[in-house]
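Worksheet: one structure, shown below.
The values are calculated or read from the model by the stated rules, or taken from the named source; none is laboratory data. Bear in mind the structure is a predicted one, so any value in this text is a computation, not a measurement. Cβ placement follows ideal geometry from the backbone for every residue including glycine, while neighbour counts extend to all protein chains displayed.
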Amino acid sequence: MLYHKIIFTEISTNCPGVGNVSNVESDNQKANSNPKLISSQYHYFKLMKKYELYLPILLLALTYSMLFIFYKPLTQIDTASFIEISKMRAPSLEALFVIITKGGTFIFILLIVLILWLKGERRPAIYLAVGLIVDTILVYTLKISIDRPRPYEVLSISTLEFGDNFGSLPSGHTSRAFLSATILSNFYRKYLVIFFLIAISVGFSRIYIGTHYPLDVIIGAINGVLLGIIVANLLDRFELSYLRL
């Protein structure tokens, strides 16, 4: 019965027409007197949860499949785009973008996790920490596998900051920024626009300072968003299974 109430609460929160959060208790009492209703709602909820998990996994696999298939023609366009963006550099903005790019570092995201934990926001802290670990493993596996040189290693363009010794694709800073924006938006929806504006700024800063190509940033952003959705869904499933016990 506890599990049914939890499921119904989730349905009431996420499904229009089923009920509002403010009157979940009264809706639960009505549902308990109608087993067919709660059964249909439960199956609908399970179906939605499956799509929420499998669709981003499919999109992530499709993204990297398309990347490997069209890698050469994409990099030619990508290099030309990077050169054009590098011409936009203004000395007065260089220091600003060097600061902005720090918002995608592993240490910065880890600091957010620590602050959330100390403030008692344990659930978002755990979700973000797990996401950070998974993202780091996947990103660096892809960096090593693709092994794309960074712009300043092959082009006669100066950089404002040197990257690590791993490949350029995908952008780890961008992936972490969009992963964080996706996960935190699930808990603090009123700040969704702010979170993603920060993530976009971090992504653009990676191109501006000369550390990444535009394609690195685009793939990093897609990777971060989809991975954030996958991690959040998996942890939601684990949480429901645990509470069921």
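Residue under question is Leu192, and the condition is that it be modelled with pLDDT under 95, out of contact with any Asp or Glu (no Cβ under 6 Å at 6 or more places or on another chain), among the hydrophobic types (A, V, I, L, M, F, W, C) and closer than 19 Å to Leu227 by Cα; does it hold? Show your work before the answer.
Details: modelled with pLDDT under 95: no; out of contact with any Asp or Glu (no Cβ under 6 Å at 6 or more places or on another chain): yes; among the hydrophobic types (A, V, I, L, M, F, W, C): yes; closer than 19 Å to Leu227 by Cα: yes.
No; evaluated as a whole, the condition is false for this residue.
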**Asked** Hey, among the residues in the stretch 90-105 that are of a type in the set (Ser, Thr, Tyr) and in contact (Cβ under 8 Å) with a residue 60 or more places away in the chain, which one's surrounded by the most Cβ atoms within 10 Å (Cβ to Cβ)?
**Response** Thr101
**Prompt:** Just wondering, is there one or more residues in the stretch 90-111 that are farther than 18 Å from Ser171 by Cα, modelled with pLDDT under 90 and not in a helix (DSSP H, G or I)?
**Reply:** yes
**Message:** With in contact (Cβ under 8 Å) with a residue 24 or more places away in the chain and more than 30 Å from Pro91 (Cα to Cα) as the only criterion, which of Tyr213, Tyr140, Tyr208, Tyr152 stands out?
**Reply:** Tyr140
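For the structure I just gave you, tell me whether Ser171 is under 14 Å from the mean Cα position of the chain (by Cα) and either of a type outside the set (A, V, I, L, M, F, W, C) or within 21 Å of Lys72 (Cβ to Cβ) (or both). Walk me through how you get there before you give the answer.
Details: under 14 Å from the mean Cα position of the chain (by Cα): yes; either of a type outside the set (A, V, I, L, M, F, W, C) or within 21 Å of Lys72 (Cβ to Cβ) (or both): yes.
In short, yes.
Of all the residues that make up the stretch 58-89, how many are outside any helix (DSSP H, G or I) and surrounded by 10 or more Cβ atoms within 10 Å (Cβ to Cβ)?
The number of residues fulfilling the criteria is 2.
For the structure I just gave you, tell me whether Leu226 is farther than 27 Å from Met66 by Cβ, buried (at least 19 other Cβ atoms within 10 Å of the Cβ) and not β-branched (Val, Ile, Thr). It would help to see each step written out before you state the result.
Values: farther than 27 Å from Met66 by Cβ: no; buried (at least 19 other Cβ atoms within 10 Å of the Cβ): yes; not β-branched (Val, Ile, Thr): yes.
Here the answer is no, as Leu226 does not meet what is asked.
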**Message:** One residue is enough: does the stretch 116-136 have a residue meeting the conditions surrounded by fewer than 11 Cβ atoms within 10 Å (Cβ to Cβ) and closer than 23 Å to Tyr152 by Cβ?
**Reply:** no
**Prompt:** Restricting attention to the stretch 173-218, and to residues there that are polar (S, T, N, Q) and within 26 Å of Leu155 (Cβ to Cβ), which single residue is surrounded by the fewest Cβ atoms within 10 Å (Cβ to Cβ)?
**Reply:** Ser201
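Condition test on Glu52, is it farther than 30 Å from Val139 by Cβ, out of contact with any Leu (no Cβ under 6 Å at 6 or more places or on another chain), modelled with pLDDT under 90 and of a type in the set (Asp, Glu)?
The answer is no for Glu52.
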**Message:** Checking the condition more than 15 Å from the chain's Cα centre (by Cα) and either in the same structural domain as Ile219 (by TED's automatic domain parsing) or under 17 Å from Ala199 (Cβ atoms) (or both), which residue from Tyr140, Tyr127 passes?
**Reply:** Tyr140
**Prompt:** helices (runs of 4 or more DSSP H) wholly in the stretch 145-245 with at least 3 residues that are assigned by TED's automatic domain parsing to the domain that holds Val130, over 16 Å from Ala129 (Cα atoms) and in contact with a helix residue (DSSP H, G or I) (Cβ under 8 Å, 6 or more places away or on another chain) - which ones?
**Reply:** 192-208, 214-244
